[in-house]
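The values are calculated or read from the model by the stated rules, or taken from the named source; none is laboratory data. These numbers come from a predicted model, not from an experiment. A quick note on method: Cβ atoms are made from the backbone with ideal geometry, for glycine too, and the neighbour counts reach across all protein chains shown.
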Amino acid sequence: PPPGGFPGSGPAPAAGPPYPDPVDGQVVYDFADVLAPATEAVATSTIAGIEERTGAELVVYTQVKPESDSPAEAEQDAIALMDQWGVGRAGFDDGLVILFDMAEPDGCHGQVQLYAGPGYRATFLANEERQAIFETEMLPLLRDCDIQGALQVALERVDANATPEHAVTLERGRQIDAVIGLLVAPLAFLLLVAWAGRSWLRYGKDPIYLDDPSIHMPAPPAELTPAAGALLVDGRSSRRTLTTAMLHLASRGELAFRRHDELLRDKVGVQLLAADSDDPQLIRNRRKLPTTEAEEYALVRLRAIGGSGPGGYMDPDDLLQFGKFVDKFDDRLEAHVARQGWFREMPGKSVERWSYRGGVALVAGFVLGVLGVTLPSSGVLLLGVAVGAASVVMLILARVMPARTMPGAMLFAMLAAYKRTLHKTMAGARSMDQVVTETRLPWLETPDQAAVWSVALGLKDDVQRVLERSVEDVREGRVAPGAVWAPVWYGSGGGSSPGGSGGFGGLAPGLMSASGVPDFGGMMSAIGTIGDSPSPSGSGSGGFSGGSSGGGGGGSGGGF
């Protein structure tokens with residue numbers, strides 16, 4: 001070929017990247033015209049021998065590129081050449097590029113790079129070893145303008161290191177990596193998900209109990225309190241179970257709520273009441289709404305907190321002390337439903353157990369992912385991703401692990417029917433008294449009982465609509481102000497401490513919203529703040545930091 005030209009072509013192409021397409025069978029490209037034909041022949045023979053023994057692929061490339069005046073720029077040129085031509089076997093990454101970026105044609109100055117793919121770097125010559133070859137053996141020759149000798153000594157050291165044993169080590173490592181990524185990682189994902197799924201099918205899936213929408217009037221057993229019913233419906237403890245328990249105690253005349261208007265969210269205070277009231281409705285409520293150990297525990301803790309206050313009143317700040325007792329309330333309520341045989345075990349225990357297992361898998365996946373990036377190892381990285389993905393599935397399944405027994409499933413179906421009964425009745429009722437009358441259930445005697453069970457079953461919006469109709473009837477003069485029920489155990493901060501239930505005529509000031517309609521949903525939200533824990537003092541901020549990594553190979557060399 002002409003000096004600096006491509007075999008069978010004219011002048012040398014422009015300095016890359018991008019580079020011209022490689023020629024099949026050619027491994028030395030002297031576009032800077034700094035190598036003698038004999039040197040090219042020896043280099044070609046040496047590289048062919050290395051590839052035959054080890055499978056590793058090498059290329060020598062020279063070009064005139066004055067603007068490449070630093071090792072970093074020459075390294076980027078070598079990386080671009082390796083990536084564009086695909087130097088090295090796919091999956092093994094065992095390529096080596098020896099690049100000369102010459103400052104001028106036929107000159108003695110420039111940059112040299114011995115850039116190795118990740119597989120070559122890990123198996124044959126590490127970055128430090130190639131750098132030592134450049135500094136101790138190539139650089140003295142380059143300073144004497146002996147480009148031929150510098151290339152020959154570099155290839156001699158590369159050739160001496162390219163042993164079949166090193167090649168076997170690389171192949172074995174890449175095969176193990178492939179097995180981990182293609183077999184072990186999917187298997188780990190399937191095994192972890194199958195473990196969680198099988199446990200759910202055996203222990204977490206509820207028994208099948210056929211329900212029919214035509215059933216509208218189930219009767220809950222005496223041991224089922226509204227809070228326990230909310231737990232049975234939800235499958236685990238929630239803020240709704242505690243809110244239901246608070247309403248339960250209020251309907252029994254044990255306490256009343258006072259609203260405190262806040263800027264962002266309304267809160268409530270609690271007024272403890274005497275339990276010896278002879279109000280007929282309270283007597284019926286206590287008879288039809290018995291308590292369990294959980295409600296009794298909550299009442300005892302509230303009395304302990306409110307005992308030091310004036311008249312047994314606790315403002316929202318005082319109630320923050322109750323937050324530390326919520327978990328114990330939940331435990332007692334879950335223990336109650338488990339003792340009754342409605343759950344296989346306390347729902348929180350099964351959720352906690354599988355959440356812990358999912359958390360361990362998540363940490364293991366993260367550690368494996370970091371290890372895969374550090375080694376680097378695609379197989380280990382894929383294993384980390386697989387274990388991490390399985391941990392997400394396990395954490396999701398943990399939420400549905402609590403299992404109802406057959407009696408629990410039957411009771412769940414009965415509660416669904418009870419919910420339909422209330423929903424259907426309240427759809428056309430104009431007062432909560434009408435709800436009690438039209439359901440004709442002997443165990444549902446007062447509007448308070450209907451309201452508490454409605455909250456337990458998620459029907460607070462239905463109660464709100466009934467109250468809106470009641471207000472409309474009072475406003476239009478169809479009924480007397482004191483003839484319909486309203487929750488008088490909920491009033492404003494300046495109101496009295498009611499002891500039972502009553503009509504709109506005796507409603508505490510501040511209960512009505514701006515529209516004149518009792519905001520039952522707002523009441524439940526405010527009562528739901530009971531059990532909040534104190535906010536931690538101080539504040540903080542944080543964020544994620546971005547970063548990047550190279551392609552996994554390594555460059556060695558410098559200027560001369």
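Kindly establish whether residue 35 is surrounded by 15 or more Cβ atoms within 10 Å (Cβ to Cβ) and out of contact with any Ser or Thr (no Cβ under 9 Å at 6 or more places or on another chain). Quick ask: steps written out before the conclusion?
Numbers: surrounded by 15 or more Cβ atoms within 10 Å (Cβ to Cβ): yes; out of contact with any Ser or Thr (no Cβ under 9 Å at 6 or more places or on another chain): no.
No: the conditions fail for residue 35.
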Looking at the stretch 290-322, which of its residues are of a type in the set (Gly, Ala, Ser) and either more than 16 Å from residue 243 (Cβ to Cβ) or at pLDDT below 90 (or both)? 304, 306, 307, 308, 309, 311, 312
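From the list 410, 432, pick out the single residue that is assigned by TED's automatic domain parsing to the domain that holds residue 253 and more than 15 Å from residue 462 (Cα to Cα).
410
Give the residue, chosen from 172, 143, that is surrounded by fewer than 22 Cβ atoms within 10 Å (Cβ to Cβ), basic (Lys, Arg) and outside the structural domain of residue 93 (by TED's automatic domain parsing). Reasoning before the result, please.
Working: 143 fails: outside the structural domain of residue 93 (by TED's automatic domain parsing).
None of the other options fit; the residue is 172.
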Only one residue in 123, 62 is out of contact with any helix residue (DSSP H, G or I) (no Cβ under 6 Å at 6 or more places or on another chain) and not hydrophobic (A, V, I, L, M, F, W, C), so which one is that? 62
Out of 94, 83, 30, report the one residue that is buried (at least 23 other Cβ atoms within 10 Å of the Cβ), acidic (Asp, Glu), out of contact with any Lys or Arg (no Cβ under 7 Å at 6 or more places or on another chain) and within 26 Å of residue 177 (Cα to Cα). 94
Inspect the stretch 454-468 for any residue being among the β-branched types (Val, Ile, Thr), without any contact (Cβ under 8 Å) to a residue 60 or more places away in the chain and either assigned by TED's automatic domain parsing to the domain that holds residue 235 or under 25 Å from residue 283 (Cβ atoms) (or both) and give the result as yes or no. yes
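Give me the helices (runs of 4 or more DSSP H) completely within the stretch 366-447, filtered to those with at least 3 residues that are among the charged types (D, E, K, R), ordered by residue number. Give the derivation first.
Details: elements: 378-398, 406-426, 432-439.
Here the list reads 406-426.
Just to be sure I understand, how many residues within the stretch 303-324 are within 36 Å of the chain's Cα centre (by Cα) and free of Cβ contacts under 8 Å to residues at least 60 places away in the same chain? It would help to see each step written out before you state the result.
Filtering the stretch 303-324 for residues within 36 Å of the chain's Cα centre (by Cα) gives 316-324.
After this cut, where a residue has to be free of Cβ contacts under 8 Å to residues at least 60 places away in the same chain as well, the list is 317-318, 321.
Adding up the residues that qualify gives 3.
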Restricting to the stretch 26-59, give me the number of residues that are closer than 21 Å to residue 84 by Cβ and touching a Gly at 6+ places or on another chain (Cβ under 8 Å). 7
Looking only at residues in the stretch 200-221 that are of a type in the set (A, V, I, L, M, F, W, C) and either touching a Lys or Arg at 6+ places or on another chain (Cβ under 9 Å) or at pLDDT 80 or above (or both), which one is farthest from residue 249 (Cα to Cα)? 201
Among the residues of the stretch 290-338, write down those that are closer than 21 Å to residue 231 by Cβ, out of contact with any helix residue (DSSP H, G or I) (no Cβ under 6 Å at 6 or more places or on another chain) and not in a helix (DSSP H, G or I). 290, 291
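Where in the stretch 146-256 are there helices (runs of 4 or more DSSP H), lying wholly inside it, with at least 3 residues that are under 30 Å from residue 368 (Cβ atoms) and charged (D, E, K, R)? Before you say what the answer is, go through the steps one by one.
Working: elements: 147-161, 164-179, 185-199, 226-234, 239-251.
Ranges flagged: 164-179.
Only one residue in 505, 510, 494 is at pLDDT below 90, assigned by TED's automatic domain parsing to the domain that holds residue 282 and in a helix (DSSP H, G or I). Which one?
Details: 510 fails: in a helix (DSSP H, G or I); 494 fails: in a helix (DSSP H, G or I).
The match here is 505.
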